[in-house]
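Trainee: Got a structure for you, questions after.
Nothing in this text is a laboratory measurement; each read-out follows from the coordinates by a stated rule. Everything numeric here is computed off the predicted structure, so don't read it as measured data. Ideal geometry is used to build each Cβ from the backbone, glycine not excepted, and the neighbour counts take in all protein chains shown.
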Amino acid sequence: MNKSNQQEDQLSGYPENLNNTDKLRTDSLNLIYGILYPGSRIRRISGKILKFALISLLLSVNLKLSAPDVKPLYIFKPPQIEPFNDLVNAIGMVETGNNPLAYNPLEQAAGFLQIRPVRLDDYNMRTGNNYRLEDMFNPELSKKVFLYYASRTGPYNLEKITRDWNGSGPKTEFYWRRVKKLLHDKN
C-alpha cells in the first residue's frame, strides 16, 4: 500500500487493514445507524455490535409485521347436564322437605331421599361400595344412590323412576302425583 492510499484511509476514518468490502459494509452500517439515530455524533461503531443491533431490529420488525394479532380464545367449561336434578329435588321435597338429617324409625329410612337398608344393601352389592345407613345423611351420597337406580331406567321416564323409587302398590299413584306437581310447579 502506498503513502497516498494510507492517507486516504486515515482521512476517511478506516483502519488501514480493512479491504474494500469491509469498508462498504462499515459505510452501510454507519449510514443505517445515522438514519436510526439522527443527530448522533457517533459515526462509527464496532461492527459486531452494530450488526447485532441491526439484526435484532430487523428481526423484531419482521416478526412484528408477520405475527398475527393476538386474540385470546377462552374456553369455558360447559355446565354439567344433570337430567335428574329436578326429579331429585322433587322427590326430596315429597319424602322429607329436603331435610338431609331426616330419619324414619318405622322403615329405618335415612337422609333426604329416605333410603332404606334393603335398597342400600342392593346398591352396595351391585356397585361394590360399602356404604352404611348413617352415610345416607350425606346428601351427596344419598343422591349418588338415587342416581344409580334412576340412570338404570333412563332420563325420559320420570314417572317410572319415581314409582320404582317409592316401591309398589296403590300409594305410588299418590306419590307420583305429588312429585309431578312439584316438577310442573318448578317449570
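Trainee: Please compute the length gained on full extension between LEU133 and ASN104, using 0.36 nm multiplied by the number of residues separating them and subtracting their Cα-Cα distance.
Mentor: Taking LEU133 through ASN104 to full extension adds about 9.3 nm, to one decimal.
Trainee: First select every other residue whose beta carbon is under 15 angstrom from the beta carbon of PRO139; then total the charges, Lys and Arg +1, Asp and Glu -1.
Mentor: Charge balance in the 15 Å sphere: -3.
Trainee: Which order do peptides 108-117, 133-142, 171-180 fall in by mean Cβ count within 10 Å, highest first?
Mentor: Put in order of decreasing packing, that is 108-117, 133-142, 171-180.
Trainee: By the scheme Lys and Arg +1, Asp and Glu -1, what is the net charge of all other residues having a beta-carbon under 13 Å from that of THR162?
Mentor: Net charge in that neighbourhood comes out at +2.
Trainee: Moving on. In units of 2.2 N^0.38 Å, what is the alpha-carbon radius of gyration of the stretch 85-186?
Mentor: The value comes to 1.00.
Trainee: Starting from 0.36 nm per residue, how many nanometres of slack lie between ASP185 and ASP122 once their C-alpha separation is accounted for?
Mentor: Roughly 19.4 nm would be gained on extension.
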